[in-house]
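To keep things clear, I will list the structure first and then write my remarks on it.
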Amino acid sequence: MPIEGATIDVTFYGVRGSTPCHGPEVSRYGGNTSCVAVDVPGHDPIMFDLGTGSRYLGVERSTEGFHADCFVSHLHWDHIQGLPFFPPLLAPGNRLDLYAPRPERHESVADVIDTILCPPLFPVGVADLPGEVVFHDLGNDEVRIGDVTVTSRYIPHIGRTLGYRVDWNGISVAYLSDHQQPGVDVYDMCPGVEALCRDVDLLIHDAQYTRDEFIQRSTWGHCTIDYAIWTGKAAGAKQVALFHHDPMHDDRMLDQVASVCGRHCTPNVVVAREGLTIQLGA
Ligand SMILES: [Zn+2]
Ligand SMILES: [Zn+2]
């Protein structure tokens, strides 16, 4: 039975791709790398990615007995570099369930994290942190968290990468942070992407490049702003949040994108920025 009038809040804590950036020219959209919170009534926070934005999420929400389920798209730096600085992990009794794509050349996600969080690269390992991290290796899966369903599907990028979709009470949000466009001016999507994005209320999608930038970097694992909007439209998404902005895209440039994209009616397009909350199902 759907709950009448219930809503999901989606809040952006980090919207940048590749590497964090800082300065007055990026201060309004923000320079932290990928992290998004999905708040479903009656549930602990569901998170997408552990970029540097996750530190701010943790500062804001760290409480005694903190718990979150975090779905990591892939293990590139910009999606995990917030993990060792995630404030809830600095207190005992707190727990983070971390889901990520099963790696190709390592035994498990935990194994990969152990190879980068250890001396001399970092003072301690994950197991030495006071809070607990519980790792879950995913492929094409469905994860049930109470009455929430999280669907994961492999999507084209560089190395194993998952896109996610959260469904609850007839409300849905999809997260495809890093998505390789098939080619310059090529508009096509694989069945996994289609399954994640079909008729979704909000699609959070890679929008790293302009067409000219993509021509220079067409094999770097990303796509154009136009491709993000096309994916949303082709899949029947109601709203698209342009995400994973290139560090070279300053506030002025993103304002221009917002002003051009703001004219779209279907789907409605917004440019993700730190601190933005989008309420779904209202
Ligand atoms: Zn990325
Ligand atoms: Zn990546």
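Just so you know, all these numbers are worked out from the coordinates, no wet-lab data involved. Just so it is clear, the structure is predicted and the values come from calculations on it, not from any experiment. Cβ: placed from backbone, ideal geometry, glycine included. Neighbour counts: every protein chain shown.
All of Leu254, Leu176 fail the test of being more than 27 Å from Pro101 (Cβ to Cβ) and buried (at least 17 other Cβ atoms within 10 Å of the Cβ), apart from Leu254. In this structure, is His74 under 23 Å from Val148 (Cβ atoms), in a helix (DSSP H, G or I) and either among the β-branched types (Val, Ile, Thr) or touching a residue at least 60 places away in the same chain (Cβ under 8 Å) (or both)? For His74, the condition - under 23 Å from Val148 (Cβ atoms), in a helix (DSSP H, G or I) and either among the β-branched types (Val, Ile, Thr) or touching a residue at least 60 places away in the same chain (Cβ under 8 Å) (or both) - is not met. Residue count for segment 259-271 satisfying the condition of being farther than 16 Å from Gln208 by Cβ and either touching a strand residue (DSSP E or B) at 6+ places or on another chain (Cβ under 9 Å) or assigned to a helix (DSSP H, G or I) (or both): 8. Restricted to segment 38-71, and to residues there that are of a type in the set (Asp, Glu), in contact with an Asp or Glu (Cβ under 8 Å, 6 or more places away or on another chain) and not in a loop (DSSP other than H, G, I, E, B), the residue that is farthest from ligand 2 (Cβ to nearest atom) is Asp39. Taking segment 41-61 as the range and being surrounded by fewer than 22 Cβ atoms within 10 Å (Cβ to Cβ) and among the aliphatic types (A, V, I, L, M) as the test, only Val59 passes. If you go through segment 89-111 and keep only what is touching a residue at least 40 places away in the same chain (Cβ under 8 Å), out of contact with any strand residue (DSSP E or B) (no Cβ under 7 Å at 6 or more places or on another chain), of a type outside the set (Gly, Ala, Ser) and farther than 23 Å from Arg144 by Cα, you end up with Leu90, Glu104. Given the criteria under 19 Å from His74 (Cα atoms) and among the acidic types (Asp, Glu), does Asp212 qualify? Answer is no for this residue.
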